[in-house]
Amino acid sequence: MEIDGKRYTVMSSIRVINGYTSVNGLNVSTPPFKIKIISPTMSDSEKLYNYLLASSIHDDFYLDNLVLDINQPVNDVSIRGWPEKFENLYLQELPKGE
């Protein structure tokens, strides 16, 4: 997932810092901005697209005077890579066969 050009992963954070929404400590620009989501298959993308169209998520944006446009899924979407190194401090890989 990418929010306004900032990569979002399971290790990311979305916070309000000094009144500004930030992703991984980087400020998100004022609307309009894009949120890109990738999925393993086109079928999964279509399911997400249909779910978002039918959901009440539009109401949440409307309350903040924002308009949510949901576009049709496309095959070729590129998002930025994760700039930080993942450090695994607690998990260890088991030897094969265990």
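The values are calculated or read from the model by the stated rules, or taken from the named source; none is laboratory data. Every value quoted in this text rests on a predicted model; they were computed, and no experiment measured them. Here the Cβ positions follow ideal geometry from the backbone for every residue, glycine too, while neighbour counts run over all protein chains shown.
Quick notes
For (1) surrounded by 14 or more Cβ atoms within 10 Å (Cβ to Cβ); (2) among the hydroxyl-bearing types (Ser, Thr, Tyr); (3) out of contact with any helix residue (DSSP H, G or I) (no Cβ under 6 Å at 6 or more places or on another chain); (4) in a strand (DSSP E or B), each residue gets a yes or a no:
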{"residue": "Thr9", "(1), (2), (3), (4)": "no, yes, yes, no"}
{"residue": "Val16", "(1), (2), (3), (4)": "no, no, yes, yes"}
{"residue": "Thr21", "(1), (2), (3), (4)": "yes, yes, yes, yes"}
{"residue": "Ser43", "(1), (2), (3), (4)": "no, yes, yes, no"}
{"residue": "Lys47", "(1), (2), (3), (4)": "no, no, yes, no"}
{"residue": "Leu53", "(1), (2), (3), (4)": "no, no, yes, no"}
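- Selection count where residues are over 16 Å from the mean Cα position of the chain (by Cα), loosely packed, with under 10 Cβ neighbours inside 10 Å and charged (D, E, K, R), scope region 55-84: 3
- Members of region 1-37 found to be more than 24 Å from Glu87 (Cα to Cα), out of contact with any Ser or Thr (no Cβ under 7 Å at 6 or more places or on another chain) and hydrophobic (A, V, I, L, M, F, W, C), listed by number: Val16, Ile17, Phe33, Ile35, Ile37
- Among the residues of this structure, Ile38 does not count as one that is surrounded by 13 or more Cβ atoms within 10 Å (Cβ to Cβ), part of a loop (DSSP other than H, G, I, E, B) and among the β-branched types (Val, Ile, Thr).
- Residue within region 16-26 that is of a type in the set (A, V, I, L, M), in the same structural domain as Met1 (by TED's automatic domain parsing) and in contact (Cβ under 8 Å) with a residue 12 or more places away in the chain present: yes
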